[in-house]
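Only one structure is covered here, and it is reproduced in the block below.
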Amino acid sequence: MKCKKFWVFVTLILFTSLNGSIYSQIKINEEKSFISNFEFPENRNNPKTGLIDIPVKVIQSPNSKKLDPVFWLSGGPGQTNMDYTPPEELLEEHDFILVGYRGVDSKPSLHCPEISNSLKGRGKDLLSKESVTNIKNSAKKCALRLKNLGIDLDGYTINEVVHDIEKVRVSLGLNKINFLSASYGTRVAQLYSSLFPENVNKSVMVSAVTNGGFVWEPIDIHNKLISYDKLCRNDNYCNGKSNNLIKTFENVLNKMPKNWLMIPIDEGKVRLVTIGLLYNKNTALKVIDAYLAAEKGDYSGIALMSLSYNTIVPKMMNWGDFFSKGLIDYDKSRAYWKEFKESPYILGSPFSSLLMDVGEVWPTTQKRKTTDCMTQIDVQTLILQGELDFSTPHELVGSRLLPNFSNARMVTFENAGHVPDLLYNYSIIVGIKNYYSNGSIDFSKYSSSINFDVNMGFPTIMKGTVAGVVLALVLIILVLRLLNIRIKKRLRMGDLKKAI
């Protein structure tokens, strides 16, 4: 079992990583940094609660002359805010401050192994009603266990995270600060900017999330798949394999076998992994390559995606924190699993189908909106979005979020998906640096292309791995066979000596 997990982890991580060329120009310098623990009230609205410990990391610029510090806000929820390493280009003029996310980086943590175990699914379909009900029951058990440990879940909200940041700003004696936020972190930056606009110099939001954005609507997912279909039609390689990418996905999902060779295929897991890998351009191209192969009868890449789910997804998040903050967009009038199961769009919304009904039982209460119904935010803000982003579609950001800002500009990048496609692009890093220093918005040197002819697709990886395992087994059998022959030969020689 451990061997199987090792191969799945190695193959997916090794071959779906971003192009090294993106990182090659980025220099990292983290020599001058220190971490301190801060004590904060667990729930500022409940004086009966105690204090929690939250780490704060300061990464200092090597230069004595520097501009206002940058507070980094990572994605999630359910993921740490402490592992970001700023590129040297940004450290030249700014200290970076990382305030740990309560619920993940804090003591106590909202870790929920009950939910991780239930996310492996029930039966042969992860998205079955039985699986969803089991996840909901596990979440309820975890919430009760955390409560019995004395944890007040109402203290683990986006609003409390914002006040943690403000407390750190005051404690460090800072006047103005900048933000660099990504995905979920942009919701934190939005709320801080609305509550404390006078403290923010500039805010850069990468792959910004709108109100309601923690629910992935099937129509929005489908529209992004249409974007790839258009690119495929204009690409000789892709169009030579499929003249309708939407139809290809339909054919593969509707005719999916129960296994490939002896490896089971769980359709629900395939759907969820498909969406997760479609977030970023390079992994999206590998997903499309796997679907193109599957339509021709080769489901090996699809089997790898199904197999990888249990290794990666259940432990991908701190699920207690994920639900405490992510359910801010939960709408009790909706039955998400039933609604999305009946969706006419081929991919549906696997993440929301699986997780959003937990809102029925998770007890954290928080204001549902972070920027709606507030006065316009007058903070100088730069919003960076990818045209191919399934997670935070730029169309929704432009129509729902941008109107809430009176001094914001949105830049959309072609052939780019979610956060990594933007945050680790050298030309974008330089553009962010210039925006902080002088307010200029210039990303004219950005370029990105699409190549559907991937070098190491999932089918190649899966068949290569299986072939390697088979070869290893054959070699083991041959070695054992040779050993057996030698042992028998020695035994015969011994019998001969006795006879003499």
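I need the calculated FRET efficiency for the pair residue 407 and residue 486, taking r as the beta carbon distance and R₀ as 60 Å, to the nearest 0.05.
Details: r = 82 Å, r/R0 = 1.36.
Once rounded, the FRET efficiency stands at 0.15.
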Practice task
Obtain the nm distance between the two label points defined at residue 474 and residue 258 by a simple spin-label model: each point lies 7 Å from its Cα along the Cα-to-C-beta direction.
Solution key: 3.0 nm
Problem - Karplus-derived HN-Hα couplings along region 98-104 (A = 6.51, B = -1.76, C = 1.60, θ = phi - 60°), whole Hz, x at Gly and Pro - result: 10, 9, x, 7, 4, x, 10
Handout entry: Residue-span extension gain [residue 312 to residue 137] - 0.36 nm each, minus C-alpha spacing
Key = 60.8 nm
Exercise for the section: Taking H placed 1.01 Å from N in the peptide plane, check which residues at least 5 places from residue 405 or on another chain put their amide H under 5 Å from its amide H. Expected result: 377
Completion exercise
The extension gain from residue 341 to residue 63, computed as 0.36 nm times the residue separation minus the Cα-Cα distance, is 94.5 nm
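Based on the Cβ-Cβ distance of residue 88 and residue 237, what FRET efficiency does E = 1/(1 + (r/R0)^6) give at R0 = 35 Å, to the nearest 0.05? Write out the running numbers ahead of the final one.
Details: r = 37 Å, r/R0 = 1.07.
The value I calculate is 0.40.
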Practice task
Sort the following peptides by mean Cβ neighbour count (other Cβ atoms within 10 Å, averaged over residues), highest first: 319-327, 424-432.
Solution key: 319-327, 424-432
Completion exercise
So for R0 = 30 Å, FRET eff. of residue 453-residue 399 from the Cβ-Cβ r, to 0.05, ends up at 0.30
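Per residue of the chain, what 222 nm ellipticity follows from adding -39500 (n - 2.57) for every DSSP H run with n ≥ 4, rounded to the nearest 500? Write down the numbers at each step before the final one.
On the way: 19 runs with 227 residues, N = 500.
Calculated at 222 nm, the ellipticity per residue is -14000 deg cm²/dmol.
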Exercise for the section: Treating the angle as unsigned and between 0 and 90°, give the value, to the nearest 10°, between the Cα long axis of helix 245-254 and the longest Cα principal axis of the chain. Expected result: 60 degrees
Fill in the blank from the handout: For region 130-140, in residue order, the Karplus 3J(HN,Hα) values (coefficients 6.51, -1.76, 1.60; θ = phi - 60°; whole Hz; Gly and Pro = x) are 4, 5, 5, 5, 5, 5, 5, 5, 5, 5, 5
Exercise for the section: Exposed loop GluC sites (Glu not before Pro) only (DSSP loop, at most 11 other Cβ atoms within 10 Å): please give the longest stretch of the chain free of them, not including the sites. Expected result: 32-341
Fill in the blank from the handout: Here region 143-148 yields Karplus 3J(HN,Hα) values (6.51, -1.76, 1.60; θ = phi - 60°; whole Hz; Gly and Pro given as x) of 4, 5, 5, 4, 5, 5
Handout entry: Gyration tensor verdict on region 381-432 (Cα atoms; rounded if a/c is under 1.5, prolate if a/b is larger than b/c, oblate otherwise)
Key = oblate
Handout entry: Modelled label reach - residue 244, point 7 Å along Cα→Cβ, region 250-289 residues with backbone N closer than 15 Å
Key = 250-254
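Rule-based calculations on the coordinates, nothing more; no lab input. All figures in this text were calculated on a predicted structure; none of them were measured in a lab. All Cβ positions, glycine included, derive from the backbone under ideal geometry; neighbour counts span all protein chains shown.
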